[in-house]
């Protein structure tokens, strides 16, 4: 499949459309698609583009390179947490704001706000997951309607090590049984694709060599359905989740998340409790053996 433009190879997100399927590709393979703000805003623009295109019936989200996404960028040379970007919501710019206001305003915009909007995108979305899907990577997969994973995929949210109760888009007890969600967070262990399938978090698990084929087979079948029928079905099921408390629970967890950031800063001088990309990756290696060499993310 041809890339949308000649410059796309240099972009952090690539976009193309073929046969009614929009493909949105995270493209920071050298950092395992760690999500800096540049990537997050580029993802938002790509999803908006797909939503506005009447030729697009379904959207596939994937990652270039060895992994789907190693999470939020907490240490690559492209980390841009202190940069301003054109806002996509009514939240004001976080740059130069004091204390807890800095992260609270930023993450209302780029994490909680964007993820909620992507979840409500009125077209079906499929996450094509291979390799690592860690912390912020979970948020990207969880906002999608379906997840097709390769046998080598693994899922984890290790941020309790930072004293933080899970990532900002706190969908854990809706993606997993609450008792399994507690285990997932308390231990910070990796969940392999097969167990994620058994828990109902993943729709299909296939060998790595067949991941693309299986994902696009599902996408093509969905693309044959009437657009409005797909939209209404998605709205109906999302509404049921919200009636079960997903949105209000997420608001509460987001507040606790930011209390943890503030507590970390007061007690250690660091919002992440003293963890950077290298130390977080090292803690994962100690528990699980070899991990990606550039897990500059969480």
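Any read-out appearing in this document is the output of simple, stated calculations on the displayed coordinates, not a laboratory observation. Please read these numbers as outputs of a predicted model, since none were measured by experiment. Positions of Cβ are generated from backbone atoms using ideal geometry, with glycine treated the same way; all protein chains shown enter the neighbour counts.
If you take the beta carbon distance between residue 235 and residue 270 as r and set R0 to 51 Å, what does 1/(1 + (r/R0)^6) give as a FRET efficiency, to the nearest 0.05?
Using R0 = 51 Å, I get an efficiency of 0.80.
Provide Rg and Dmax in Å for region 25-90, with only Cα atoms included in the calculation.
Rg then Dmax for region 25-90, in Å: 13.1, 39.
Among 174-181, 45-52, what's the highest-first ranking by average C-beta atoms within 10 angstrom per residue? Present the calculation step by step, with values, prior to reporting the outcome.
Details: 174-181: 15.6, 45-52: 17.2.
Averaged packing, sorted descending, gives the order 45-52, 174-181.
Students often check this: by mean Cβ neighbours within 10 Å, which of 186-198, 104-116 ranks highest, and how do the rest follow?
Going from most to least packed, we get 104-116, 186-198.
How big is Rg to Rh over the chain, alpha-carbon atoms, Rh as the Kirkwood inverse-mean-distance radius?
0.94
Against the longest alpha carbon principal axis of the chain, how many degrees, from 0 to 90 and to the nearest 10, is the axis of helix 227-243 turned?
30
Quick one: Cα convex hull volume of region 131-261, Å³ per residue? Mind dumping the intermediate values first?
Details: hull volume 13.3 nm³, N = 131.
Measuring per residue, one finds 102 Å³ for the Cα hull of region 131-261.
For the chain, what is the mean residue ellipticity at 222 nm derived from helices alone (per DSSP H run of n ≥ 4: -39500 (n - 2.57); sum divided by total residues; nearest 500 deg cm²/dmol)?
Values: 11 runs with 121 residues, N = 298.
Computed mean residue ellipticity for the chain: -12500 deg cm²/dmol.
Rank the residues 156, 248, 37 as a footprinting-exposure proxy: fewest other Cβ atoms within 10 Å of their Cβ go first.
So the residues, fewest neighbours to most, are 248, 37, 156.
Output the relative contact order of the chain, whole-number percent, from Cα pairs under 8 angstrom with separation of 6+ residues.
The value is 20 percent.
Points 7 angstrom from Cα along the Cβ direction at residue 217 and residue 92: gap in nanometres?
Computed distance between label sites residue 217 and residue 92 equals 5.4 nm.
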